[in-house]
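Structure first, commentary second.
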């Protein structure tokens, strides 16, 4: 099939966020199945598409809140209020008006459009007129916005998130009715679509760019960090989990347990405890995870599936995870410990660190996990694309 992949951010050679890693996995699987895929979206300044021949750059600009000045955010908010759109859609409307729809038409016709999240079609409902559409729900966006509103201490932010949730819910429910097929990244999110959509939805079991490793004892040299956390912490649902770990779990850990946090942090992040090192963006996420005795997966909010969890599974890394971090998985590997409360989480971390320090930590079978994920991903993609052919 000839497919248009409509996304806010065009995949780059070095994916950074969970959203980008998921995009790369889906695109690789589609192209690996023999489909011709042209990707339409935006590109950050200074970056290059992973596949220049298969990418149409609508504009080179920053569209992420953490990367733009306050004046740009105010412009987005003003446009959102005037147009009655969520801010997440209004900024795409501003950036792509007069170019995005026209670019897809110029490169068409396409057998189907893959709408990579609700934000592009929320900004441009016209996409639905260009070809049969399938939708990728990375998260149930309105649920994530509600959770962000509940977490916000600032009354204005709480109102903005609540407004975002209300408008996103209307957009999402409309798209669920219009799309020929819907892919989610977790079974819990598929259930949220409702029983009437079970026959035209499926879960995409994702893979990441992490290199798989067979099951072994960890052994080798001592880890550089006892505990490691990695993520895009500027996204509020992710930061809720990090904030919980720093405020409630870290005080329960022995003083000699070292913690490293990799990834971009929001400007208003609270000071870290003394035993925590804030590394910022690291050059190699795999190398960072493998340098840690145990990976802490601390999700407390959000929907979809955690790409950090998939990476840890593929690498076979010992991990301590909250139940929400493992959403989307019917079972967890033996090298994962699940803990819900701060005390249980801290106790599990201490036990995992002790095992890592003595070389007793068991690594999972990343190769077997990756093989299962790739096969299931290919099958789910073909199931969805088949629904676009018969009208």
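No lab work stands behind these numbers, since they all come straight from the coordinates. What you see is a predicted model; the values in this text were computed from it and never measured. So basically every Cβ, Gly included, is an ideal-geometry build from the backbone, and we count neighbours across all protein chains shown.
Quick notes on this structure:
- Angle of helix 155-178 to the longest C-alpha principal axis of the chain, folded into 0 to 90 degrees and rounded to 10: 60°.
- In this rough spin-label picture, where each label sits 7 Å from Cα along the Cβ direction, the residue 199-residue 341 distance is 4.7 nm.
- Label-to-label distance for residue 252 and residue 386 is 4.7 nm, based on points extended 7 Å past Cα in the beta-carbon direction.
- Gain in span if fully extended, residue 159 to residue 360, counting 0.36 nm per residue against the direct Cα distance: 67.4 nm
- Ranked 1, 290, 119, criterion: other C-beta atoms within 10 Å, fewest first: 1, 290, 119
- Taking every DSSP bridge with both residues inside the chain, close to 5 percent are antiparallel.
- The long axis of helix 141-151 is offset from the longest Cα principal axis of the chain by roughly 50 degrees.
- Global geometry of region 225-364, whether rounded, prolate or oblate, following the gyration tensor of its Cα atoms and the 1.5 cut on a/c: rounded
- Tensor-based shape of the chain (alpha-carbon gyration tensor, a/c under 1.5 rounded, otherwise prolate or oblate): prolate
- Note on residue 334 and residue 188: with the Förster distance fixed at 41 Å, the Cβ-Cβ geometry gives a FRET efficiency of about 0.95.
- Value of relative contact order over region 120-267, rounded to a whole percent, pairs C-alpha under 8 Å and six or more apart: 20 percent
- Between the helical axis of 18-32 and the longest alpha-carbon principal axis of the chain there is an angle of about 60 degrees.
- Calculated [θ] (222 nm, deg cm²/dmol) that DSSP helices of n ≥ 4 give over the chain, each run adding -39,500 (n - 2.57): -12000 deg cm²/dmol
- C-alpha center-to-center spacing [region 10-67, region 119-196] in angstrom: 21 Å
- Label-to-label distance for residue 81 and residue 53 is 4.9 nm, based on points extended 7 Å past Cα in the beta-carbon direction.
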